[in-house]
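Asks: This is the structure I have questions about; it appears just below.
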Amino acid sequence: MKMSQMLYFIHKHDQSKIFIRAIYFIALIICFTLPLPIHAQNLHFTPGEELTLKLKWGFIPAGVAVLKVLPIEEIDGVEVYHFMMTAKTLPFVDLFYKIREKIDAYTNLEVTHSILYKKKQIEGKVNRDIKVTFDLDAMTAQYHNKDEKREPIPIFPGTFDPLSAYYYLRFLDFESNKKIERHITDGKKCVLGIVRVVKREEIMVQGSRYDTFLLEPDLEHIGGVFEKSKKAKFQLWITSDDRHMLVKVRSKVAVGSFVAELISNK
């Protein structure tokens, strides 16, 4: 099969959705419990951190995702952490299905809940400009997409947006947390996500050796092609050191597999 035919096959079978879900992602299904407050001096990351992952669908280089911790900001008089993720397909893939995505997520300095979530996305012919606001007094989250404004939905104390959830994950002790749960929302619904710590494993990624924990999130709330594949899997490898960096992601569905690997760590 020619590469152009392969890319058409991927698009036809909704694989571009996996690319987006896997990036948008990784965090959408990373949900966990840590009832105790976390203090800023114990953070496992600092402003200026930047992780870059290379994405492939099968043997085809597909795109790049970058995770950043930006300088501390202030929203409504409250100091907040600003996390950002960008994702884009490579020029060759753009010819068939262009993806550009930028996510900005904000939490309090203790990283115990989300404060604001924004996503700008170009996916093929679809163009979205999403904002999710959190009302912590009313315990609601409200979804906006350009002129569309939905009714607020109820949330739970400690609810995170999809991207902030990944950074909260980095505080966990995976040795003692084998099944982890946390509420998470994208503004449309609030779900209880589950991730299981499968095992500790040493792996090679881009020529570097990492001691990691293998995590497998529950796919019940992911939908799309994951829902259509009976034996679908989504796996994450997080370093076992204090930083708990994401170094590898792999999905497996009925019509193929997707891999993202860390290529740069600043």
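Asks: Which ordering of Lys146, Lys131 is given by a fewest-first count of other beta-carbon atoms within 10 Å?
Replies: Going from least to most buried by this count: Lys146, Lys131.
Asks: Modelled label-to-label distance, Met139 and Glu74, 7 Å Cα→beta-carbon offset: nm?
Replies: Rounded to a tenth, the inter-label distance reads 3.1 nm.
Asks: Just report the Cα centroid separation between the stretch 67-88 and the stretch 132-176, whole Å.
Replies: A separation of 15 Å, based on Cα centres.
Asks: Could I ask something else about it? State which entries of Lys131/Lys188; Lys88/Lys252; Lys189/Lys233; Lys131/Lys233 exceed 19 angstrom in Cα-Cα distance in the structure shown.
Replies: Lys88/Lys252; Lys189/Lys233; Lys131/Lys233
Asks: Under the Karplus relation 6.51 cos²θ - 1.76 cosθ + 1.60, θ = phi - 60°, what is the ordered set of whole-Hz ³J(HN,Hα) values for the stretch 55-68, x standing for Gly and Pro?
Replies: Here the 3J(HN,Hα) series is 10, 9, 10, x, 8, 8, x, 10, x, 9, 10, 10, 10, 10 Hz.
Asks: Something else: At a 10 Å Cβ-Cβ cut-off, how would you order Ser114, Ser208, fewest neighbours first?
Replies: Ser208, Ser114
Only the coordinates and a few stated rules stand behind these numbers; no lab work does. The structure displayed is predicted, hence computed values, not measured ones. Using ideal geometry, Cβ is built from the backbone for each residue, glycine included, and neighbour counts are taken over all protein chains shown.
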